[in-house]
């Protein structure tokens, strides 16, 4: 794990915006060292640093993702743009031209149960995505930094880090969306992070659900935004499979330009009372 992280940092240092052709003069935001807790054992990278092996398109006919060594935001002159450097690398971005066809969601080939997940993401102007644990329960990604409630249509689920509404809420007056405890977004075009501790739903020997899925803890850019939040059922736009003890991870790709890097997962461990720094 340590060797893998060191190679990522070294590779990132080799590439600079000045070396790229026909790219916006806005830095990729290469990281300067990973959070210390990623140096602990047990972490598995879900990106291999060169292609999309290990991932499937939810809609194969649409495709629309690529692995690249750098992602560039278009800046104030072209704020909707995320552009990938034309070579393989350790980050992924949905880059279908003009979003025609609309890029597919990405789904892991592997299924997971109780997990701890860490990932980093970048959004362009007014873009959004989502991280779906088990392909069913979404943590919202949205370019909401600096936007007022009115600009976000007064929807709490339009805040980055919100837990999204249920697909079919049992009570229409309570759709199930949950705002983050605090807003921890960063400006458009900057890399951000989620660190998620997730407990899968529980089932008895007959397959009846006896405990809901639960987000035990969620950090957004190192800030605690959720704790012990149960999910009664799937989120809007979730995958169509049933709740189960294990299911894949899904990254939403059809709601605007989005890039990801540093996606790591490991089996859930007992939570420390101390929030990782």
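Extension gain for residue 102 to residue 182 (0.36 nm times residue separation, less C-alpha to C-alpha distance): 25.6 nm.
By how many nm would the segment from residue 154 to residue 110 grow when fully extended, if each residue of separation counts as 0.36 nm and the alpha-carbon distance is taken off? Could you put the intermediate results ahead of the total?
Working: separation 44, 0.36 × 44 = 15.84 nm, distance 3.68 nm.
Going from the current span to full extension adds 12.2 nm.
Please work out whether the stretch 191-277 counts as rounded, prolate or oblate from its C-alpha gyration tensor, where a ≥ b ≥ c are the square roots of the eigenvalues and a/c under 1.5 means rounded, while otherwise a/b larger than b/c means prolate and anything else oblate? Oblate is the answer for the stretch 191-277, as a/c is 1.5 or above yet b/c matches or exceeds a/b. Rounded, prolate or oblate for the stretch 121-277? Axes are the square roots of the Cα gyration tensor eigenvalues, ordered a ≥ b ≥ c, and the cut-off for rounded is a/c under 1.5. It comes out prolate by the Cα gyration axes. Computed packing ranks the peptides 47-53, 134-140 as 134-140, 47-53, most packed first, by mean other Cβ atoms within 10 Å. When you count the other C-beta atoms within 10 angstrom of each residue and take the mean per peptide, 54-64, 73-83 line up highest first as 73-83, 54-64.
Extension gain for residue 87-residue 244 works out to 52.7 nm (0.36 nm per residue, less the C-alpha to C-alpha distance). Using the Cβ-Cβ distance between residue 237 and residue 50 with R0 set to 25 Å, the FRET efficiency from 1/(1 + (r/R0)^6) comes to roughly 0.30. Taking the average, over residues, of other Cβ atoms within 10 Å as the packing measure, peptides 216-223, 142-149 rank 216-223, 142-149 from highest down.
Counted over the stretch 109-191 with a bin width of 10 Å, the fraction of Cα pairs per bin, in whole percents, is 17, 46, 30, 8. Taking label positions 7 Å along the Cα-Cβ direction at both residue 78 and residue 223, the computed distance is 3.1 nm, reported to one decimal.
Values in this text are rule-based calculations from the coordinates and carry no lab data. No experiment lies behind these values; they were computed from the predicted model shown. Positions of Cβ are backbone-derived with ideal geometry, glycine not excepted, and every protein chain shown enters the neighbour counts.
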